[in-house]
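Remarks on the structure that follows.
Laboratory data are not the source of any read-out in this text; all were calculated from the coordinates shown. Worth saying up front: this structure is predicted, and the values here are computed from it rather than measured. Neighbour counts run over all protein chains shown; Cβ positions are idealised from the backbone, glycine included.
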Amino acid sequence: MKENCNKIYAVCYDTLDVFNTKEEAKKFYSECYYMSEGAERDRYASVLIGLNFCNIGKDNVSEDCREIAIKIPNIEDEFIKVKLDERLSIEDTIKYYEEIIYPILSVSKSYRIDFNNNSPFEDFGNDNDSQFGSMYSFSNYYQEILEQMNIVVDNISTSDWSAGKYNLIINNEEFKLTAWDNLESVVDNINSMLDLFREKDKIDYKDSNMTQEGEIEI
């Protein structure tokens, strides 16, 4: 795990559960264990045994994951869920959480965004609104997330086109945002932005090779 992402993981029913502390994880699964029986209880027992020895517990059935559930601090048995586009191995699911979702949550926390709210971005607006300090900036928010992923963005702006609806422009590519975007929406946007930068890197690499091959020695 990343040093700045010291989380506790549990895999059960093909879902990666993410907890802040081992005590929190063991409490949740202990309650599940005592409220179940038979094969279901065996699943929870396997998770608890794993948590006794390391920072990840796994049930006795799951081999991969189809979604990630992040425990909401200080709210009993409440999770924010993110469905994966495709099933991933347990190792790749943890990697996806740490490289994509964790930076989003980290920046969101600094902006006091509550994804349990129906309108997590109600205090955000276009660049003019944020310039005069009346609202947070969508541009700054997404720029900071990308910087967490070591991607520097010079050309980014946000304008509104309807109440609570915005256009975010990055390198001439447009992304639709709303005040009621949930965590899955932000994850989808970031993945699309990363695809954009990967494609740009491929084009730049191709153009660089063409230039080198076209050089004439004198």
Worksheet, complete the sentence: Those residues of region 100-122 that are part of a loop (DSSP other than H, G, I, E, B) and either aliphatic (A, V, I, L, M) or farther than 17 Å from GLN143 by Cα (or both) come to a total of 9
Worksheet item: Of all residues in region 154-174, which are of a type in the set (Gly, Ala, Ser) and in a loop (DSSP other than H, G, I, E, B)?
Response: ALA163, GLY164
Worksheet entry | From the options ASP17, ASP114, ASP92, ASP77, residue that is of a type in the set (D, E, K, R) and crowded, with 18+ Cβ neighbours inside 10 Å | ASP17
Item to complete: Give region 123-134 a look and list any residue that's surrounded by 18 or more Cβ atoms within 10 Å (Cβ to Cβ) and not in a helix (DSSP H, G or I), or say none.
Response: PHE124, GLY125, ASN126
Fill in: Complete set of residues in region 111-129 that are polar (S, T, N, Q) and in contact (Cβ under 8 Å) with a residue 12 or more places away in the chain
ASN116, ASN118, SER119, ASN126
